[in-house]
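Just below is one structure, and these are the notes that go with it.
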Amino acid sequence: MPALIGCSHGTADPAGRATIRALLELTADRLPGVDVVEAFVDVQEPALPDVVASLAPRPAVIVPLLLSTGFHVEIDVRRAARLRPGVAAAPPLGPDDRITGVLADRWRALGADPADPVVLAVAGSSRASTVPAVEAVRDRFAALTGTDPVLGYGSAVQPTVPDAVALARGGTATVSVASYLLAPGFFQSRVLAAGADLVSAPLGVDALIVDVVVDRYLAAAGRLRLAA
């Protein structure tokens with residue numbers, strides 16, 4: 001079986017690092033006999049291209065531990081997959097209804113009133129392909145929770161999360177934020193500082209997210225076998 005390279009953005013936050021490590025440990029438990037290794041596109045080492053090279057000539061599947069397409073998926077991950085034969089890139093983890101279900105669960109844990117304003121906070125990307133993906137997540141989240149969330153972006157796209165919170169608040173309404181982020185880190189700290197009354201935890205470690213990682217890997221591994 002090909003190695004599984006779990007590729008995340010990277011973070012200086014110890015809790016964020018622990019979250020990604022725990023997700024990959026649970027993934028390894030689900031895939032006995034598969035070598036599961038970490039790689040990063042920023043902040044942390046080892047860098048993704050170095051991991052791809054270190055596993056040669058063994059086949060490998062890169063699973064982006066990212067919630068939507070964007071620069072890192074479209075450029076960094078695809079470029080790494082082209083470094084040598086026998087390497088495939090899986091799609092990002094989202095949008096996926098299982099992950100949106102976890103997002104809804106994290107938001108419900110706040111005890112927020114669905115009639116009050118809700119902001120759906122996403123990381124954002126300079127790549128236009130990200131927008132339809134997060135809009136699909138918003139629509140599914142709305143259907144699951146009975147809310148009408150406003151999208152707020154951490155970078156590159158408007159409105160920002162603070163602006164979306166201010167827009168949603170209007171007068172004196174209680175505003176909650178559903179955080180569509182995988183782990184604690186830079187973007188979650190910005191969401192917490194955006195002025196909302198309630199902020200959900202990141203998606204974190206969840207069996208359903210592990211299911212998605214495993215499914216992404218198995219599908220890409222199957223494509224590698226067919227191409228061999």
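Please treat every number below as a calculation from the coordinates, not as lab data. Here the structure is a predicted model, which is why all the values come from computation and not from measurement. Here the Cβ is made from the backbone with ideal geometry for all residues, glycine too, and neighbour counts use every protein chain on show.
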At least 27 Å along the helix axis (C-alpha) and Kyte average at least -1.0, DSSP helices within the chain: 207-227
Computed over the chain: relative contact order in percent, which uses C-alpha pairs under 8 Å that are six or more apart: 23
Summed side-chain charge close to residue 37 - residues other than residue 37 whose Cβ falls under 13 Å, Lys, Arg +1, Asp, Glu -1: -3
Order of 174, 27 - criterion: other Cβ atoms within 10 Å of each residue's Cβ, fewest first: 174, 27
Cβ-placed point charges (K, R +1; D, E -1), dipole of the stretch 1-101 about Cα centre in debye, nearest 20: 300
Alpha-carbon centroids, the stretch 62-137 and the stretch 167-228: separation in whole Å: 7
Intensity falloff of the stretch 97-199 expressed as log10 I(q)/I(0), Debye formula with alpha-carbon point scatterers, at q = 0.15 Å⁻¹: -0.52
Formal net charge of residues neighbouring residue 103 (Cβ-Cβ distance under 11 Å; K, R +1; D, E -1): +1
Signed unit charges on C-beta, dipole axis of the stretch 94-228, positive-most listed residue 119, 103, 209: 209
Around residue 56: net Lys/Arg minus Asp/Glu count, Cβ-Cβ under 15 Å: +1
Charge dipole magnitude, Cβ of K and R +1, D and E -1 - the stretch 97-199, Cα centre, debye nearest 20: 280
Stokes-Einstein D for the chain, Kirkwood Rh over Cα pairs, 20 °C, 1.002 mPa s (µm²/s): 119
Extended-chain gain in nm, criterion 0.36 nm per residue less alpha-carbon gap, residue 148 and residue 25: 40.7 nm
Two-site label geometry, residue 208 and residue 109: point separation in nm, points 7 Å out along Cα→Cβ: 1.2
Long-range HN-HN contacts of residue 150 with modeled amide H, under 5 Å: 118, 119, 120
